[in-house]
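In what follows, a single structure is set out as structure tokens and then discussed.
Read the figures in this text as sums done on the coordinates, not as results from a lab. Since we're looking at a predicted model, the values are computed, not measured. Every residue, glycine among them, receives a Cβ derived from its backbone with ideal geometry; neighbour counts consider all protein chains shown.
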Amino acid sequence: MPVVRPLFVLAGLAATVVSGATSDAADTITPKDRDFFESRIRPLLVKRCFACHSAKSKSIEGGLRLDSRPSWQKGGDSGPAIVPGQPEKSRLMRAVEYVDEDLAMPPDGVLPKSEIALIRQWISRGAPDPRTAVAPTEATSTIDWKRGRAHWAFQPPQRQTRPDVLDTRWPQNAVDSFVLARLESHQLRPVAPASSETLIRRITLDLTGLPPSPNDVDTFLSDTRPGSWNRLIERLLASPAYGEKWGRHWLDVVRYADDQLRTEYYYRPLPHAWRYRDWVVRALNEDLPYDRFVIHQLAGDLVPTGSGDNGGIAVGLLALGMMYQDDGGTPDGVAIAKAETLDDRVDTVTRGFLALTVACARCHDHKFDPIPTSDYYSLAGIFNNTGYIDELVLVKPEAAADFNAIQGRITSLNNQLKAAKKDDNKERIASINRSLAITHQEASLKFPRAHSVRDTGSANMRIALRGNLRKPGPIAPRRFLQALAGDSPPPFTSGSGRLELARSIADPRNPLTARVIVNRLWQHHFGRGLVGTASNFGVLGERPTHPRLLDWLAIRLMDSGWSIKQVHREILQSATYRLASTSTPVHLAADPDNRLLWRMARTRLNIESWRDAMLAVSGSLDDTIGGPAVDNLFAASRRTIYAAVHRDIQTESDKLLRLFDFPNPRTGSGGRIATTIPQQQLFALNSPFVIARARELAIRAAVGTASPTDRISQALRLAVGRSPTPQELALGCDFLGATPDQRLNGHLSSWEQYCQALLGSNEFLFRP
């Protein structure tokens, strides 16, 4: 007979279970109840339930665990399973009695009546359970939050005042004051400024990825009015080529590619990926505020975009990532594929915008940063509620009627096809299929498409124990990182949570977002960021060489309305940027790595800028902005940013890119490593592409020239933006005079060889 308990006691127990709180019931269990559980209930649970409802089960059915009292007190996905003292209100009781077929347990058949009676008796007695310890596989956090949050990157940027310096004449702006203060603290001075010829080549390559034309050089050198440098900056920032150059840097960060990895050996083409690439270029050219730049790429489909931006295109950042699938369709394989796909999204977003390696917390708490496993699955849950749209149709309002008409025709033809198949009318089926093909082609040509995402739900994920989605642990509410948002960040409740995540990242109170992007900008101007690990601001990352300057730039970015171009201006207007790249023994001994910025570092052009520069100086560059990807770089004259990029080396174009250190877009890249290998020089010597550019440059150098010296001067002005020295003229004349100016057996003529040497020279390959 069930034990009758006062109603208020039962209600209290039920509320305890529903809330998920633990009680001290284990401390008050009578010896008789303990013996009953250990002798009758524990063996029954082990025998009948643990295969599906314990930490050792491959998949925890319904999210319900019965291997400890705290576990069953939390309940499952459908709520509490046990209401102590009330078997008639306990879902476990309904399940074992097969009252509801959807809840029937165990699934292989109803239990013997004697065992059902034991479960009822146990619940009626208040479900006494002495098992207080949570199974060791239950996720718990061991983060030292006080120590973790003390790390510099998690502290808000501080407003900085310009430091006092001894040499008050040298600084041109605040950037210089911060740099000079550090130099003076080490008894160092900056080297002399670079020449005007060097500066216009440097800044033009930096901002546009293209060398200056001879006319550009002449115009700048002849402009003696005050403000000539600032006018040059503004002209280059206004160039469409600016967005192409800096868009490429961002595409590295977000692992842009024109195909999608589905399995280890299967790549699915993404024919509309270029629309996201063009969106990035356009956003940078328009100086879209960086906070909006962030929000559009994470949740542009959920907010009005304005400025002609299409939010469905902007979220290509998420749509163009890895989308793993399991070949065999096994439960374990499916779970692994899903886990890898979610990992791609979490890693790309957190490293790209926050410079944090959150993906390291996928299987366990982060070993170094204050990022528990629960935070990883809080973010993974957001992307688990984000579905992929293969082809989002981009329809303007005025074209909606045409679009609807075509879709109506497609629907009608599909209905006709079903009827024809039902009648087995092969001739009719063939005719309808031809009409469908024509209609689909018409729609494809008439209405542009993009790869996009959409919200598909709002459910929270469970922590995957040891990273295995088949072993779910506690629920991880969708929310922002605790290291940045406090001990109890509010849960995300709107749809997937993407918009709330985007706003949390773009929030000025977030200590990382502004710092991370200004550091990326600094890195691409100076060859190295103020933080050397551009995508890792965590404990294992490098500390900033100039922390006060980093904070000043971050706050300057936010104060300017998140203007990326304004940060460029602050950097480019500085005397630090305009330093020569020369060195002295004293400087090298004191600071061999130039961490203190006593000079400008020479940097080798990436493959995009080198190839584009060859096309530009030879007069063959097609400067058309945007459009579908170019498949063959060797036959095309478009800028290299428009090359089709694959996630594995599949084409000759991809091999060229990887030969010159283009990153594999399976993951985001915060910076490239410049290698020097023989194959690179062999390409410069033997590639038909380089040879063709050398021939075109030789033809351009001959235009309007009357003598070999004039021709040499013209070639150098075209290639490197300066006139030759007397020694260079003499060497050039000696070579050209000793080599027949004719093609022998298909080889290059002397002038073509001379131009090829220019295209492969260090001066052409390096930004000064």
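Take every Cα pair under 8 Å whose residues are at least 6 apart in sequence, average their separation, divide by the length of region 396-447, and the relative contact order is 43 percent.
Distance distribution note for region 509-552: the fraction of Cα pairs above 13 angstrom is 47%. Each residue of region 511-522 is assigned a 3J(HN,Hα), and the resulting list reads x, 9, 4, 5, 4, 5, 6, 5, 5, 5, 5, 4 Hz, derived from the Karplus form 6.51 cos²θ - 1.76 cosθ + 1.60 (θ = phi - 60°), x at Gly and Pro.
Under 5 Å between amide hydrogens, built in the peptide plane, is the criterion, and for Phe766 it picks out Leu605 among residues at least 5 positions away or on other chains. Applying the criteria of a DSSP loop state and at most 16 other Cβ atoms within 10 Å to the trypsin sites (Lys or Arg not before Pro) of region 314-391 yields Lys367.
The H on the amide N of Gln86, modeled in the peptide plane, is under 5 Å from the matching H of no residue at least 5 residues off or on a different chain. Computed about its Cα centre, the charge dipole of region 286-365 is approximately 120 debye, with only Lys, Arg, Asp and Glu carrying charge at their Cβ.
Taking amide hydrogens as placed 1.01 Å from N in the peptide plane, the amide H of Asn173 sits under 5 Å from those of Ala575, each at least 5 positions away in sequence or on another chain. In units of the rule-of-thumb radius 2.2 N^0.38 Å, region 70-200 shows an alpha carbon radius of gyration of 2.49. Computed from phi, the 3J(HN,Hα) profile of region 189-196 under the Karplus parametrisation 6.51, -1.76, 1.60 (θ = phi - 60°) reads 10, x, 6, 5, x, 6, 6, 4 Hz, with x in place of Gly and Pro. Alpha carbon centre of region 487-521 versus region 412-469: separation in Å? Cα centres, region 487-521 to region 412-469: 35 Å. For the charge dipole of region 322-432, defined by +1 on Lys and Arg C-beta atoms and -1 on Asp and Glu C-beta atoms about the Cα centroid, which residue among Phe353, Pro331, Ser431 has the Cα displaced farthest towards the positive pole? About the Cα centre, the residue reaching furthest to the positive side is Ser431. Exposed loop sites are taken as chymotrypsin sites (Phe, Trp or Tyr not before Pro) in a DSSP loop (any state but H, G, I, E or B) with at most 16 other beta carbon atoms within 10 Å; the longest stretch of the chain without one runs 369-633. Between the DSSP loop rule and a limit of at most 15 other Cβ atoms within 10 Å, which trypsin sites (Lys or Arg not before Pro) in region 539-571 are left? Those that pass, being in a loop and sparsely packed, number zero. For region 82-88, 3J(HN,Hα) computed residue by residue from phi via the Karplus equation (6.51, -1.76, 1.60; θ = phi - 60°) reads 10, 10, x, x, 9, x, 5 Hz, glycine and proline entered as x.
The lysines whose alpha-carbon is closer than 27 Å to the alpha-carbon of Lys89, local same-chain residues fewer than 8 away aside, are Lys32, Lys47, Lys74, Lys113.
Dipole orientation for the chain: of the candidates Val586, Gly300, Leu736, Gly300 has the Cα lying most toward the positive pole (charges on Cβ; Lys, Arg +1; Asp, Glu -1). Charge dipole of the chain (Cα centre as origin; +1 on each Lys and Arg Cβ, -1 on each Asp and Glu Cβ, all else neutral): 1060 debye, rounded to the nearest 20. Counting only Cβ charges, +1 for Lys and Arg and -1 for Asp and Glu, the dipole size of region 415-533 around its Cα centre is about 280 debye. Bridging of Lys396 to lysines at a Cα separation below 28 Å is possible for Lys446, once same-chain residues fewer than 8 apart are set aside.
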